[in-house]
Amino acid sequence: MFNQKIPSYLYNKKNIISLILSTAFFALIFINIYQPFDSRNWYPNISNFTYFISSGLIILTGVLVVVISRIIMYYWGKKREISIGNYALWILLEIFFMSLFFTVYTLNVNPNKAYDYLTVFKTASVNTALILLLPYTIIHLYLIYKENNLQLQAMQQSGTVPMTEPAVSAQKIFSFYDEKNELRLSVNRNNLLYIESADNYVIIWYLNKGSLTRFMLRNSMKAIEEQLADTNVLRCHRSYMVNFEQINVIRRQNEGIYIEFGMKDVPDIPISKKYSDKVIQCFTNYL
């Protein structure tokens with residue numbers, strides 16, 4: 001379970017921004033109602049309104065830990081897979097560093113007051129866990145609900161039916177979504193040829209009235225691979241996915257292994273060693 005990949009929408013830019021803003025808002029309300037971190041003693045002789053402003057600024061400064069963490073996660077997720085175990089550890093580190101920030105601040109704002117460092121850190125850890133985990137849980141549940149709705153809409157639009165074993169797609173149309181989960185292209189399954197990676201984009205190659213046509217979509221190859229899981233469109237190379245329904249020949253030569261479509265203007269697609277056994281096995285089973 002812990003080795004399973006987290007859904008890509010968890011480090012989607014738009015969703016990261018929503019999580020940060022929700023966490024900041026919750027933290028601001030939380031500190032003014034609950035007054036954790038011994039925060040009322042930070043500035044003991046001020047009005048409630050001044051306390052609200054002052055404590056709010058401090059809390060939002062602490063939330064910078066989350067901002068920095070999620071920026072790192074956004075770029076890390078573009079290059080590497082993030083497992084559930086890694087994500088859980090990531091959140092624990094956010095709690096640790098944010099707790100450390102509030103501990104240091106509490107100890108320094110009133111240097112003359114006797115504090116037990118370990119007790120302050122334990123209290124800060126509990127309060128930080130509440131500040132982060134409550135909005136995180138709400139946001140994650142909302143994202144799961146939203147993703148399930150998007151998948152349901154995609155199934156309704158493309159006419160998908162439940163999968164049977166062996167897993168072969170019965171959908172008539174492949175729907176492609178960008179990094180914001182907005183539908184950008186739908187292609188008949190018999191017309192899709194292959195998908196090519198191009199930096200922050202993927203290029204979808206398909207037949208339109210018999211002619212080879214391309215469509216650039218802003219998304220990662222990893223996200224597209226997840227969208228097309230349990231279909232006949234499989235990864236064969238770091239930069240390519242192919243529709244097995246369109247493959248005529250797999251050719252092995254000195255330079256490597258290639259997929260032939262047998263169509264004019266359609267290039268041969270390389271198969272890397274990492275995917276060769278799986279691709280050849282799938283091709284054999286499909287035939």
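The values are calculated or read from the model by the stated rules, or taken from the named source; none is laboratory data. Note that the coordinates shown come from a computational prediction; the quantities given were computed from them, not determined experimentally. Cβ placement follows ideal geometry from the backbone for every residue including glycine, while neighbour counts extend to all protein chains displayed.
Of the residues 30, 26, which is surrounded by 19 or more Cβ atoms within 10 Å (Cβ to Cβ), at pLDDT 70 or above, closer than 18 Å to residue 65 by Cα and of a type outside the set (A, V, I, L, M)? Please lay out each step first, then the result.
Numbers: 30 fails: surrounded by 19 or more Cβ atoms within 10 Å (Cβ to Cβ).
Result of the check over 30, 26: 26.
Out of (1) within 20 Å of residue 259 (Cα to Cα); (2) modelled with pLDDT under 90; (3) in contact with a strand residue (DSSP E or B) (Cβ under 6 Å, 6 or more places away or on another chain), the odd one out for residue 231 is which?
Evaluating residue 231 over (1) within 20 Å of residue 259 (Cα to Cα); (2) modelled with pLDDT under 90; (3) in contact with a strand residue (DSSP E or B) (Cβ under 6 Å, 6 or more places away or on another chain) leaves (3) as the failure.
So residue 81 ticks every box in (1) part of a helix (DSSP H, G or I); (2) surrounded by 13 or more Cβ atoms within 10 Å (Cβ to Cβ) but one. Which box is left unticked?
All conditions pass for residue 81, except number (1).
Could you give every pair whose Cβ atoms fall below 9 Å, whose first residue belongs to the stretch 115-138 and is modelled with pLDDT under 85 and assigned to a helix (DSSP H, G or I), and whose second residue is surrounded by 16 or more Cβ atoms within 10 Å (Cβ to Cβ) and among the charged types (D, E, K, R), counting only separations of at least 6 or pairs across chains?
As it stands, the answer is 120/38; 123/38, since those pairs meet every condition given.
Residues in the stretch 180-199 that are modelled with pLDDT of 85 or more and either assigned to a loop (DSSP other than H, G, I, E, B) or small (Gly, Ala, Ser) (or both): how many?
Residues in the stretch 180-199 being modelled with pLDDT of 85 or more and either assigned to a loop (DSSP other than H, G, I, E, B) or small (Gly, Ala, Ser) (or both): 6 in total.
I'd like to know if the stretch 99-118 contains one or more residues that are surrounded by 14 or more Cβ atoms within 10 Å (Cβ to Cβ) and either within 14 Å of the chain's Cα centre (by Cα) or under 28 Å from residue 7 (Cβ atoms) (or both).
Yes, some residue in the stretch 99-118 is surrounded by 14 or more Cβ atoms within 10 Å (Cβ to Cβ) and either within 14 Å of the chain's Cα centre (by Cα) or under 28 Å from residue 7 (Cβ atoms) (or both).
Determine if the stretch 238-246 includes at least one residue that is small (Gly, Ala, Ser), touching a His at 6+ places or on another chain (Cβ under 9 Å) and either closer than 25 Å to residue 199 by Cβ or in contact (Cβ under 8 Å) with a residue 40 or more places away in the chain (or both). Break it down stepwise before answering.
Quick first cut of the stretch 238-246, residues small (Gly, Ala, Ser) only: 239.
Adding the requirement that they be touching a His at 6+ places or on another chain (Cβ under 9 Å) leaves none.
No, every residue in the stretch 238-246 fails to be small (Gly, Ala, Ser), touching a His at 6+ places or on another chain (Cβ under 9 Å) and either closer than 25 Å to residue 199 by Cβ or in contact (Cβ under 8 Å) with a residue 40 or more places away in the chain (or both).
For a quick check of your reading of the model, give me the residue pairs whose first member lies in the stretch 43-71 and is closer than 30 Å to residue 89 by Cβ and at pLDDT 75 or above, whose second is surrounded by 15 or more Cβ atoms within 10 Å (Cβ to Cβ) and among the acidic types (Asp, Glu), with beta-carbon atoms closer than 9 Å and at least 6 apart or on different chains.
Final answer for the pair search is 65/94; 66/94; 69/94; 70/94.
Residues are listed down the side, and each one gets a yes or a no for (1) among the charged types (D, E, K, R); (2) touching a helix residue (DSSP H, G or I) at 6+ places or on another chain (Cβ under 6 Å); (3) modelled with pLDDT of 90 or more:
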site: 211; (1), (2), (3): no, no, no
site: 237; (1), (2), (3): no, no, yes
site: 240; (1), (2), (3): no, no, yes
site: 251; (1), (2), (3): yes, no, no
